[in-house]
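Working notes, beginning with the structure itself.
The values are calculated or read from the model by the stated rules, or taken from the named source; none is laboratory data. As the structure is a prediction and not an experimental result, all values here were calculated from the model. Glycine also receives a Cβ, built like all others from the backbone with ideal geometry; neighbour counts cover every protein chain displayed. Heavy atoms of the whole protein, side chains included, go into the accessibility calculation; ligands, DNA and RNA do not. Shrake-Rupley method; radii C 1.70, N 1.55, O 1.52, S 1.80 Å.
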There are 2 protein chains.
Amino acid sequence: MSYQYNYPHPAVTTDVVLFGLIDECLKVLLVRRARPPFANHWALPGGFLDIDEDLEDCALRELEEETGVSGVYLEQLYTFGKPGRDPRERVISVAYYALVPATDIEIRAASDARAVRWFAYRDLPELAFDHVDIIHKAQQRVSSKLDYSTIALKFMPEKFTLGELQSVYECILDERLDKRNFRKRLRTYDCLTDTGEVRRNGGHRPARLYRAKSPDTVQIVK
Amino acid sequence: MSYQYNYPHPAVTTDVVLFGLIDECLKVLLVRRARPPFANHWALPGGFLDIDEDLEDCALRELEEETGVSGVYLEQLYTFGKPGRDPRERVISVAYYALVPATDIEIRAASDARAVRWFAYRDLPELAFDHVDIIHKAQQRVSSKLDYSTIALKFMPEKFTLGELQSVYECILDERLDKRNFRKRLRTYDCLTDTGEVRRNGGHRPARLYRAKSPDTVQIVK
DNA sequence: GCAAAAGTGTTCTAGGTACACCCATGT
DNA sequence: ACATGGGTGTACCTAGAACACTTTTGC
């Protein structure tokens, strides 16, 4: 089968930067490439756009196929298209990012047994293509969104404690926050409901468990 | 000449939303399409990516070819790729936006005599493709950037008065601002130099003329 | 001298930061 | 009883909002 055009067409791909927090550490989900170019290098999950497929659907499909992760909320990040970024042919990549409660997510390697793994953002392996640039840009976007939205809730499982949520902020902003100020700010956002339950977690007072009021939408605050 | 691929490739285009302020009114530069689809509809300047051309270069080239405007500072806006947005074939469009001092800019129709015109943002004609969505998204981006950057200076000619700059803000935000607070805020940004010159402009005190300290960079404030 | 835009400071308010102690549990 | 993280309120400070009069010109 072959497809013909009167002038050359680039290929279009999508790539997904999937962030999670594990062990108080920002992680990115990567897949190991099975084939050249960059065989055995780690890369972002992603791949070629089907000709009748919406961009975001492509990102979701490739993510699911390569990592088993489905149903995440994607936001478009940026489009990368420098000539030469893929040695095979001209490739334009529309990058997306998403945040997931990493401990809740089940990852599964693709059928062709490519490895899939979380890597610490601060300790990335050598990456294929310009994927390291994409990841850095995504991290900057997430950092700045923390300040004016409730995007951090996307990292949280259904129920969580305020201490856990605070440590998410501290992780990504890489600074300590004051507990009382942090809680006051959350109160003004009015984005949480108290489940009434508590979590016992070792030799100290149990923590109340909260739930996001609208877990499917990222609210802009300020 | 014909180009063949083993699987179908979409076309990639760039489109540019060029904003200017004329008569205290936000305008967008549009070109009239000469050919189908949407012949005689107005559209954003833009066109197909050359196979070895950077995305931003493509946007600059198409803008220059179709409108005669060159050397503007572009920022990437978003990538639009819904299947069916172009009736000919699948087209992914990477949209850019830019702000120019409209009164300084010389526009010139393309050689094939397509018309080029400024349209008021609040009174757009019927547009080709999904260009109306692109323009609205660009306007939102510019509005929000006004609040945390010096992007408004991109609308200004080399020398301008504080009153003129204030009316730029008022136009885009669509609200009146307090003169003293506005000037105090600008002072803290430290982005202007006093030229020492004044502009006489009718029956009132002449206004001092200012110049942007770094006209080529958009500074993030706050 | 009158109309019209330019220019200039102070007070008030609200939101953000800094800060210290008691509580409930496990060992 | 003690170690550990959970939970709570107030004082201070700074940035943004509200607000009115004098100046310089053209007619």
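Averaged across A:78-85, how many Cβ atoms of other chains sit within 10 Å of each residue's Cβ atom?
Counting Cβ atoms of other protein chains within 10 Å of each residue's Cβ and averaging gives 5.
Lys/Arg Cβ at +1, Asp/Glu Cβ at -1, dipole of chain B taken about the Cα centre: which of B:Thr217, B:Val72, B:Trp42 is farthest positive-ward?
In chain B, that residue is B:Thr217.
I need two numbers for the protein assembly as shown: Rg to one decimal and Dmax as a whole number, Cα atoms only, in Å.
Cα only, the protein assembly as shown: 25.0, 80 Å (Rg, Dmax).
So how strong a dipole does chain A carry about its Cα centre when Lys and Arg Cβ are +1 and Asp and Glu Cβ are -1, to the nearest 20 debye?
Dipole size: approximately 1120 debye.
How would the stretch A:27-86 be classified by its alpha-carbon gyration tensor: rounded, prolate or oblate, with rounded meaning a/c under 1.5 and the a/b versus b/c comparison settling the rest?
oblate
What FRET efficiency would be calculated for the residue pair B:Leu162, A:Glu126, taking the C-beta separation as r and a Förster radius of 30 Å, to the nearest 0.05?
Computed FRET efficiency for B:Leu162 and A:Glu126 comes out at 0.05.
Binned at 10 Å from 0, what are the whole-percent values of the Cα-Cα distance distribution for chain B, short to long?
The percentages, shortest bin first, are 7, 31, 32, 19, 9, 2, 1, 0.
Give the residue list of trypsin sites (Lys or Arg not before Pro) in the stretch A:133-203 that are DSSP loop and have at most 12 other beta-carbon atoms within 10 angstrom.
In loop regions of the stretch A:133-203 (DSSP not H, G, I, E or B), the sparsely surrounded trypsin sites (Lys or Arg not before Pro) are A:Arg176, A:Arg200.
Taking amide H atoms as placed 1.01 Å from N in the peptide plane, list the residues 5 or more away in sequence, or in a different chain, whose amide H sits under 5 Å from that of B:Val17.
Amide H neighbours of B:Val17: B:Tyr96, B:Tyr97, B:Ala98.
Compute the Rg/Rh shape ratio of the stretch B:88-148: radius of gyration over Kirkwood radius, all on alpha-carbon atoms.
Computed over Cα atoms, the ratio is 0.99.
Are there any helices in chain B, counted as whole DSSP H runs, that stretch 15 Å or more along their axis by Cα and score at least 0.5 on average by Kyte-Doolittle, and if so which?
Helices meeting the span and hydropathy rule in chain B are B:162-173.
Give me the accessible area per residue for the stretch B:32-138, probe 1.4 Å, as a whole number in Å².
45 Å²
Project the alpha carbons of the stretch A:118-207 onto their principal axes and report the range along each, largest first, in whole Å.
Between the extreme Cα coordinates on each principal axis of the stretch A:118-207 lie 48, 30, 23 Å.
Counting only other chains, and only Cβ atoms inside 10 Å, what mean value do you get across the residues of B:99-105?
Per residue, the average neighbour count from other chains is 0.
Any chance you could tell me what percent of the C-alpha pair distances in the stretch A:183-222 go past 15 Å?
52 percent
At a Förster radius of 51 Å, what calculated FRET efficiency corresponds to the Cβ-Cβ distance of B:Ile51 and A:Thr188, to the nearest 0.05?
After rounding, the FRET efficiency stands at 0.45.
List the residues of the stretch B:44-70 whose accessible area drops by at least 10 Å² when all protein chains are present, compared with their chain alone, using a 1.4 Å probe and counting only protein heavy atoms.
Going by heavy-atom accessible area, the residues of the stretch B:44-70 that drop by at least 10 Å² are B:Phe48, B:Leu49, B:Ile51, B:Asp52, B:Glu53, B:Asp54, B:Leu55.
When ranked by the protection proxy of mean other Cβ atoms within 10 Å per residue, highest first, what sequence do the peptides B:11-22, B:83-94 form?
In decreasing order of mean packing, B:11-22, B:83-94 become B:11-22, B:83-94.
Please give the charge dipole size of the stretch A:1-123, origin at the Cα centre, charges +1 on K and R Cβ atoms and -1 on D and E Cβ atoms. Round to the nearest 20 debye.
Charge dipole, the stretch A:1-123, about its Cα centre: 720 debye, nearest 20.
Under 8 Å for C-alpha pairs, at least 6 residues apart: give me the relative contact order for chain B, rounded to a whole percent.
This gives 21 percent for chain B.
Aspartates and glutamates within cross-link reach of A:Lys137: Cα-Cα under 18 Å, excluding same-chain residues under 8 positions apart?
A:Asp15, A:Glu75, A:Asp123, A:Glu126, A:Asp147, A:Asp174, B:Glu56, B:Glu75
Using helices alone, what [θ] at 222 nm do you get for chain B, with -39,500 (n - 2.57) per DSSP H run of 4 or more residues, divided over all residues and rounded to the nearest 500?
Value at 222 nm, helices only: -8000 deg cm²/dmol.
Between A:Asp147 and B:Ala39, take the C-beta separation as r, use R0 = 35 Å, and let me know the FRET efficiency to the nearest 0.05.
The value I calculate is 0.15.
Using a simple spin-label model with points 7 Å from Cα along the Cα→Cβ vector, what separation in nm is obtained for B:His204 and A:Glu197?
Label at B:His204, label at A:Glu197, 6.5 nm between them.
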